[in-house]
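To keep things clear, I will list the structure first and then write my remarks on it.
The values are calculated or read from the model by the stated rules, or taken from the named source; none is laboratory data. Since we're looking at a predicted model, the values are computed, not measured. Cβ atoms come from the backbone with ideal geometry, glycine included; neighbour counts cover every protein chain shown. These area figures cover heavy atoms from the full protein model, side chains too; ligands, DNA and RNA do not enter into them. Shrake-Rupley method; radii C 1.70, N 1.55, O 1.52, S 1.80 Å.
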Amino acid sequence: MKWIIPLAVLIIFEGIADYFTGKWGVNGNMRFAIISFVGYAMANLSWLIAVHNGSGLARGAEIFSIVSALLAIFIGVFVFKEGFTNIQAVGVVLGIISIVLLVWEFN
């Protein structure tokens, strides 16, 4: 499970980059775009480390996709005051269930 920490770092950098991408989208300040680019680059470096340490391409990509989507939803809804529908809430619940199923280790 050495891949958990690099995957968590990947998600953190992705969240930071998503936040600054949202800031850039609102006011167009190029500094935010540059910070976003650096965040995405660091996220991808962490992804390489996670795969090298055993996350697996399929499992790691699915966990990353779902958790980063949940983080982006949180940032969009609570920071940038974007709308969120009931059907999207169902999608969030299904995403959380899928993470549990993806990391569940069967003996």
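Would you be able to tell me the number of residues in the range 1-31 that are more than 20 Å from residue 63 (Cβ to Cβ) and touching a residue at least 40 places away in the same chain (Cβ under 8 Å)?
Residues meeting the conditions: 3.
Quick check on the range 61-74. Is at least one of its residues outside any helix (DSSP H, G or I), without any contact (Cβ under 8 Å) to a residue 24 or more places away in the chain and either of a type in the set (Asp, Glu) or open to solvent by 70 Å² or more (accessible area, probe 1.4 Å) (or both)?
no
Considering only residues of the range 1-58 that are open to solvent by 30 Å² or more (accessible area, probe 1.4 Å) and among the aromatic types (Phe, Trp, Tyr), which is nearest to residue 80 (Cα to Cα)?
In this case the residue turns out to be 19.
Mind counting the residues in the range 75-92 that are open to solvent by 80 Å² or more (accessible area, probe 1.4 Å) and assigned to a helix (DSSP H, G or I)?
4
Kindly indicate whether any position in the range 10-18 is out of contact with any helix residue (DSSP H, G or I) (no Cβ under 9 Å at 6 or more places or on another chain) and not β-branched (Val, Ile, Thr).
No, the range 10-18 contains no residue that is out of contact with any helix residue (DSSP H, G or I) (no Cβ under 9 Å at 6 or more places or on another chain) and not β-branched (Val, Ile, Thr).
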